[in-house]
Amino acid sequence: MKFFSANIHYLVCILLVSMYTDKIYSQEQSTLRFIDSLIQHKQKTFEVPGIAIGIVKDGKTFFQKAYGVQSLHTEIPLTNQSVFHMASVSKPITATAIMKLVEEGKLKLSNKLVEYLPNFVMNSPAYKDITLQQILTHTSGIPDVNDYEWEKPQYDDKASLRYVNSFKNQKLDFLPGSSHKYSNAAYNLLAAVIQKVTEIPFETYMKQEFFSKVGMKNSTFLKEEVTKELATSPHVENCSFTVDKANVYPYNRVHAPSSTLHANTDDMLLWAQLYLNKGEWSEKEIFSKETYTKLTDTQIPFKNGKGMCLGWFTAKIGEKQLFRHSGGDEGYSTFLGFIPEVDFAIVIMANSDTIITEYIATVIMSKLYNNKILNYKTPISFALRKLILEKDINAFKKEYFRLEKEDPNSYAFGKGYLDGLGYDLLEKHYYEKAIAIFKFHLEIQPEVPGFYDSVGDGYLAWNKPEEALVWYKRANKKDPDKEMSLEKIKKLSFELQK
């Protein structure tokens, strides 16, 4: 009788375990279908030629897939090996290199930048106080890049050293360490710092010390090393708001530390696992756990659990800590994030700048770890951008209000989307249509001074300075302390009096 009871108990346990396993499997399959459906929908909605995604969960690849093509001009299918320009996802990779050199005693975060780059000079005395830590945390005060010069890239080994000498006429935005402002330019100086202490080019150091050791076979900071068969093309909107291959590729060696990492999902998942392993790879230490801790410690706290680490930004997904960095350059959008607490990482790459890959990642992570289904809404400006070209402002307004009433869950109507559309139209020289959009925006939000200023910008671009001056004055009347409008009024008034 005891034997029979024991067997019954054993069978019940097996049945319960089986039911639990089936439930977990069913939930997992549901999540995989959700991710697949989400990517396909957003790829179509935002007219993205290609999207690649990879997810590591519980120590193994959870989801990895490529959608679309490497280029609209070749229509070669995108794969997990297809190589993307990673844009600003380059920065935490560069920060890792700096911290490895700190670990080895070759650099000190508290040391001044000029100790390593004595030729670096700015038109502000306080530049001598800039430290390496301030560069890693975007608190150096060095202004951001104005022109990346993608159309005339530099390729030689001395590009980063020449870049050091290009700041002589620039002034700091603020005293080093007194504020926080994102600066690609500051990060670019780190290539010369690394070359100074290692005596080899930045790109060579990255490959030798990291990519080769971790098995990232197709990763490089040098565009010319990208295998042609795997290379993706950047895509942007043309003058008719149709997505097409960009005329230039976003590469210039002087921007290597901030922007020029090239990689695929296979390789970036390896990098993510290196971080989830706290610097260890195949029982070898690539960088120490102490270095990992320093890289992921919050240096500057922001609101709502967000903050700035060394190279990484941090935020909360539910109660869990996420470390992340997004990237966006002409024709590309990228994202890399990891949650150490649950052994999770995600990388997404798109060969178009019409989409924000970080938003997709946030939707996925929220579903997995916050029990919330977020909605990555389509900006109304994107949905209706072609309508303003094909018809007039009246047709645009009619459709705008229809969608706002009938489908508010699918479209985003706030955050200055119409203002952005107006400026897009200006760049494409549709001046009259741009001004019509700006004025419509004012009908909706008449209390925002900046939107009056936008109308002025539209008239000025259209070479109608008298009308522009009228609208700048209206902006200033709404907000007398608005310095931008005041500067424009003074400059335009002076020019009209000549």
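The values are calculated or read from the model by the stated rules, or taken from the named source; none is laboratory data. Just so it is clear, the model here is predicted, and its values are computed rather than measured. Please note: Cβ atoms are built from the backbone with ideal geometry, for glycine as well, and neighbour counts cover all protein chains shown.
Any idea which of I388, I364 is within 30 Å of D267 (Cβ to Cβ) and either in a helix (DSSP H, G or I) or modelled with pLDDT of 95 or more (or both)?
I364
Please verify whether M216 is in a loop (DSSP other than H, G, I, E, B), aliphatic (A, V, I, L, M) and either buried (at least 18 other Cβ atoms within 10 Å of the Cβ) or on the phi > 0 side of the Ramachandran plot (or both), treating the condition exactly as stated.
Details: in a loop (DSSP other than H, G, I, E, B): yes; aliphatic (A, V, I, L, M): yes; either buried (at least 18 other Cβ atoms within 10 Å of the Cβ) or on the phi > 0 side of the Ramachandran plot (or both): yes.
It is true that M216 is in a loop (DSSP other than H, G, I, E, B), aliphatic (A, V, I, L, M) and either buried (at least 18 other Cβ atoms within 10 Å of the Cβ) or on the phi > 0 side of the Ramachandran plot (or both).
Which residue pairs have Cβ atoms under 7 Å apart, sit 6 or more places apart or on different chains, and have a first residue in the stretch 89-110 that is over 18 Å from F313 (Cβ atoms) and a second that is part of a loop (DSSP other than H, G, I, E, B)?
Partner pairs satisfying both residue conditions: K100/F287; L101/L107; V102/K108; V102/L109; E103/F287; E103/S288.
May I ask you to verify whether I364 is surrounded by 14 or more Cβ atoms within 10 Å (Cβ to Cβ) and under 19 Å from F241 (Cβ atoms)?
no
Residues checked against (1) out of contact with any Phe, Trp or Tyr (no Cβ under 7 Å at 6 or more places or on another chain); (2) farther than 30 Å from K284 by Cα:
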residue: P201; (1), (2): yes, no
residue: K207; (1), (2): yes, no
residue: M216; (1), (2): no, no
residue: T232; (1), (2): no, yes
residue: S240; (1), (2): yes, yes
residue: V243; (1), (2): yes, yes
residue: V248; (1), (2): no, yes
residue: L261; (1), (2): no, no
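Considering only residues of the stretch 267-279 that are touching a Lys or Arg at 6+ places or on another chain (Cβ under 8 Å) and surrounded by fewer than 24 Cβ atoms within 10 Å (Cβ to Cβ), which is nearest to T296 (Cα to Cα)?
In the first step, residues of the stretch 267-279 are kept if they are touching a Lys or Arg at 6+ places or on another chain (Cβ under 8 Å); the result is 267, 278-279.
When the remaining residues are screened for being surrounded by fewer than 24 Cβ atoms within 10 Å (Cβ to Cβ), the result is 278-279.
Values: K278: 10, G279: 12 Å.
Step by step, filter the stretch 267-279, then rank; the result is K278.
Can you report the number of residues in the stretch 280-310 which are free of Cβ contacts under 8 Å to residues at least 40 places away in the same chain, over 20 Å from the mean Cα position of the chain (by Cα) and surrounded by 17 or more Cβ atoms within 10 Å (Cβ to Cβ)?
1
Can you name every residue in the stretch 81-107 that is surrounded by fewer than 24 Cβ atoms within 10 Å (Cβ to Cβ) and closer than 22 Å to V236 by Cα?
Result: S88, single match.
Scan the stretch 432-462 for residues that are of a type in the set (F, W, Y), farther than 17 Å from K391 by Cβ, more than 28 Å from the chain's Cα centre (by Cα) and in a helix (DSSP H, G or I) and jot them down.
Those that are of a type in the set (F, W, Y), farther than 17 Å from K391 by Cβ, more than 28 Å from the chain's Cα centre (by Cα) and in a helix (DSSP H, G or I): Y452, Y459.
If I filter the stretch 256-267 down to residues being within 15 Å of the chain's Cα centre (by Cα) and part of a helix (DSSP H, G or I), which single residue comes out as nearest to T79 (Cα to Cα)?
If we take residues in the stretch 256-267 being within 15 Å of the chain's Cα centre (by Cα) and part of a helix (DSSP H, G or I), then S259 is nearest to T79 (Cα to Cα).
In the list F413, F401, F382, which residue meets the criterion of being surrounded by 15 or more Cβ atoms within 10 Å (Cβ to Cβ) and more than 28 Å from G318 (Cα to Cα)?
F382
May I ask you to say which residue of I39, I55 is at pLDDT 95 or above, among the aliphatic types (A, V, I, L, M) and not assigned by TED's automatic domain parsing to the domain that holds S183?
I39
So, S90, is that one in the same structural domain as I53 (by TED's automatic domain parsing) and within 25 Å of S219 (Cα to Cα) or not?
yes
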